[in-house]
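Notes for the one structure printed next.
The values are calculated or read from the model by the stated rules, or taken from the named source; none is laboratory data. Predicted model, so just to flag it, every value in this text is computed and none were measured. Here the Cβ positions follow ideal geometry from the backbone for every residue, glycine too, while neighbour counts run over all protein chains shown. Ligands, DNA and RNA are stripped out before the accessible areas are found, and what is left, the full protein with its side chains, is counted by its heavy atoms. Shrake-Rupley method; radii C 1.70, N 1.55, O 1.52, S 1.80 Å.
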Amino acid sequence: MRVRPLVLLALLCLGLLALRPDARLEGALERVLGPSRYLAQVTWPIARLGRVELRASEAAVVASATGSRAASAALLERWYAAALPRAPDLVEGRRLVPGEVLGRSAGGRDQLLVRPWSLEGLSVGLPAVVREAYIGRIAEVDTVRGIVRVDLVTGRESHVGARVLALDGAELARLVVGGVATGGRPARGEPVTWLAAHHPSRTDVDDAWFGARVVVDELLPELDPFGKLAAGYGLGAFARGASDGDWRVEPIVDFLHGLSSLVLLAPGTTRAPALPDAPPHPLEEPLWVAARGFTAGDPSPWRASVKLDRGLDSGLRVGAAVVRGARLVGRLGAVSASGSTVRLLADPGLELSALAELEGRPTEPPRLLGRLVALGSDPQSGRPRFLWRDVLAIEHTQAATDSASVRARLTTAAGDLGLPAGLYLGVAMLPLGSSGGAGHVIELEDAEDALRGAERLFVRQVDPRLAGLEGPP
Amino acid sequence: MRRFVPYLCLALWSTWLFALQGWWAAGRAPGGLVPDLGVVLLLGIAARTDGARARRVALVIALSRAALSADNPAALVLAYLAVALIAAPIAATLDLDRPWLRALLAALGGGAIALWLPFAADLRAPLPAGVEPSGGSLGWPVALATAVVALALSKALRALPGLGPLWREEGSWELAARGR
């Protein structure tokens, strides 16, 4: 049988389109496929097959949502409080304005979009910190959207004056810190990243210097008029690079995945009277639209997705959070005019940021786990599995040095546009100790089939004030 | 207009079949034993039709699956077209209605699609460093389940109401004998 050249050409084009995404062609394909979405809706009785058996659970889910929301709100409150600096000399003479990281700017990974609790008194150049760590300074105050853009110290053009301090507080050297220095890519995991150090005041480095604390100390007010506000905040530990004279700073925050909330420093007197009210819990914002899932599952056994009857026309965008009660069930993967696809928690490759509240450690603030990447569901238990890159590992406690893991309640953390903080994820056992860069695999114990019995799901719409803001590619 | 009615029926039936497949795949299938009902239906029709029609049938089946799946539509169309392109010349020389040949082709087609789709998804949007693409281990279970269903249901699926005009009653050998 002869195959026409046209068919072969079509196959070639399909192959390219299948392997190399092109936004315009994909958009056109979505429009062509539009009618088929309506066709798919006629299969809704099959979707109901899986729901009849547990219809009663819907009421239980809705009833428990209130409790989960209250618990998440309390956790968020503790989390925001944990981001505040504590040391008196770092608080004195400054007004602290907490802020929630909404995501990264379209300009790149080195600029954060932040929603401060209050815009009052904020201006370009003010420093941004997380606890006692300096992370960057305000690049723009957008009063229309109610957000600020923060240039991270990891940016190519960023720089800040710094001091290397000995254990006794004596100054060992001065240098300029800014930009990143990357190491080689390990066999597994992401490349190790340091802050780059330039223009050292001394080059006769002693081995005892490595590991010494590097703190902000900007000498030139014409370069950084608010430098005094950031003075004393930490940048990391002094480290040696690949060769002599190649100095680096090992950061104390995970700049890539570990920024969820921060504090902006403004001139002022004391912290307490100036701290504004916390924003409402994300579930209380009027940004949620009800949607109906009309499929029972994805025909591909390795995927976990559901089709919804709402799309762009309802203000939904790719990456939006989808909840049932107060529990996150997934994020939107593809959105067309009148429909969308939810990538469920077990869909391989789904990414989200998470906060963990450790059981048995009531005095500790919540932990930011950073980025979790879905690995699919466990073949035996059906539970969603995630890869957790433990940039900041959870250490053993003195009371339980022999246990290998700790039980934790996970909720989403801010840092992704469309995915707000405080949505319940589930309970997981978190391994203690460092994985050495490979990451730990964790399972959500109580999320085997979060959709079963669900009549309605709720999807977060784009905040009209934030429309048009997109993350980096 | 009447030419399109069988394809519309095919779209409806294949959408329902994929919806059933999705329901079965959503945590109910033991060991990833999820048959590719699209391959079973396609091979059933391809056994008794010409290459051009088999390709059109493959296109409709792929688009039906795309309507229910998070997989990339282009990857799905390519996968089912490839099955049709391989099946058509075989159907012209061998009797695809022979149970074991049908089961073998169904296993190969279902298994290959189960391997292709995760591979294509990983190439389109690479997983973060260190994360192994999942789905690679599903080739065998899907192939086995597809073969079993093809043995049992292939003829029944192509006999669904409205699909008759897409295939002929006689096999290739009967047609050749009649022509002689």
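Contact order, relative form, for the stretch A:92-147: 26 percent (alpha carbon pairs under 8 Å, 6 or more residues apart, mean separation divided by residue count).
If I take R0 = 51 Å and measure r between the Cβ atoms of A:Glu157 and A:Leu8 in this structure, what FRET efficiency does the formula 1/(1 + (r/R0)^6) give, to the nearest 0.05? Rounded to the nearest 0.05, the efficiency is 0.55. B:Trp13 contributes about 80 Å² of solvent-accessible surface, heavy atoms of the protein only, 1.4 Å probe. For the stretch A:257-266, putting each phi into the Karplus relation 6.51 cos²θ - 1.76 cosθ + 1.60 with θ = phi - 60° gives couplings of 10, x, 10, 10, 9, 8, 10, 9, 9, 10 Hz, in residue order, rounded to whole numbers and with x for Gly and Pro. The helix-only estimate of mean residue ellipticity at 222 nm for chain B, built from DSSP H runs of length n ≥ 4 each weighted as -39500 (n - 2.57), is -23000 deg cm²/dmol after division by the residue total.
Here the 3J(HN,Hα) profile of the stretch A:347-352, calculated from phi with Karplus coefficients 6.51, -1.76 and 1.60 at θ = phi - 60°, is 6, x, x, 4, 10, 7 Hz, Gly and Pro shown as x. Taking B:Gly164, B:Gly111, B:Gly139 in turn, the Gaussian network model of chain B (Cα-Cα springs below 10 Å) assigns the largest fluctuation to B:Gly164.
Report the calculated FRET efficiency for A:Ala337 and B:Leu123 (r = Cβ-Cβ distance, R0 = 30 Å), to the nearest 0.05. Once the sixth-power term is evaluated, E becomes 0.65. Under 5 Å from the amide H of A:Arg94 lie the amide H atoms of A:Gly268, each residue being 5 or more positions distant or on a separate chain, with H modelled from the backbone and absent for Pro and chain starts. Buried accessible surface for the B/A chain pair comes to about 4200 Å², total over both chains, computed with a 1.4 Å probe. Shape call for the stretch B:10-70 from the C-alpha gyration tensor, a ≥ b ≥ c root eigenvalues: rounded (a/c under 1.5), prolate (a/b greater than b/c) or oblate? Judged from the Cα gyration tensor, the stretch B:10-70 comes out prolate (a/c at least 1.5, a/b above b/c). What the Kirkwood sum gives for chain B is a hydrodynamic radius of 16.6 Å, with every pair of different alpha carbons counted. Once the chain from A:Leu223 to A:Glu92 is taken as fully extended at 0.36 nm per residue, the excess over their C-alpha distance is 44.9 nm.
If only the Cβ of Lys and Arg carry +1 and only the Cβ of Asp and Glu carry -1, the dipole of chain A around its Cα centre is close to 1760 debye. Going by accessible surface with a 1.4 Å probe and the largest first, B:Ile90, A:Ile135 read B:Ile90, A:Ile135. Estimated from helices alone, the mean residue ellipticity of chain A at 222 nm is -5000 deg cm²/dmol (sum of -39500 (n - 2.57) over DSSP H runs with n ≥ 4, per residue).
Amide H to amide H, with H built 1.01 Å from N, A:Asp347 comes under 5 Å of A:Ala304, counting only residues 5 or more places away or on other chains. From the alpha carbon centroid of the stretch A:99-149 to that of the stretch A:1-31 is 43 Å. Here is the tail figure for chain A: Cα pairs spaced more than 32 Å apart come to 46 percent of all pairs. Over all directions, the projected convex hull of the C-alpha atoms in the stretch A:345-391 averages 3.9 nm² in area. Estimate the FRET efficiency between B:Ala92 and B:Ala152 by the formula 1/(1 + (r/R0)^6), using the beta-carbon distance for r and 30 Å for R0, to the nearest 0.05. In this case the efficiency is close to 0.75. Positive-end ranking of A:Leu430, A:Ala181, A:Ala133 along the dipole of the protein assembly as shown, with charges on Cβ about the Cα centre, is headed by A:Leu430.
At 25 °C and 0.890 mPa s, what whole-number value in µm²/s does Stokes-Einstein give for the translational diffusion of the stretch A:285-344, with Rh from the Kirkwood sum over Cα pairs? So the translational diffusion coefficient is about 212 µm²/s. Heavy-atom accessible area with a 1.4 Å probe sorts A:Glu92, A:Glu285, largest first, into A:Glu92, A:Glu285. Between the amide H of A:Asp298 and those of A:Ser305, distances stay under 5 Å, these residues lying 5 or more places away or on another chain, with hydrogens modeled in the peptide plane.
Applied to the stretch A:36-47, the Karplus parametrisation 6.51 cos²θ - 1.76 cosθ + 1.60 on θ = phi - 60° returns per-residue 3J(HN,Hα) values of 5, 5, 5, 4, 5, 5, 6, 8, 4, x, 5, 4 Hz, with x for Gly and Pro.
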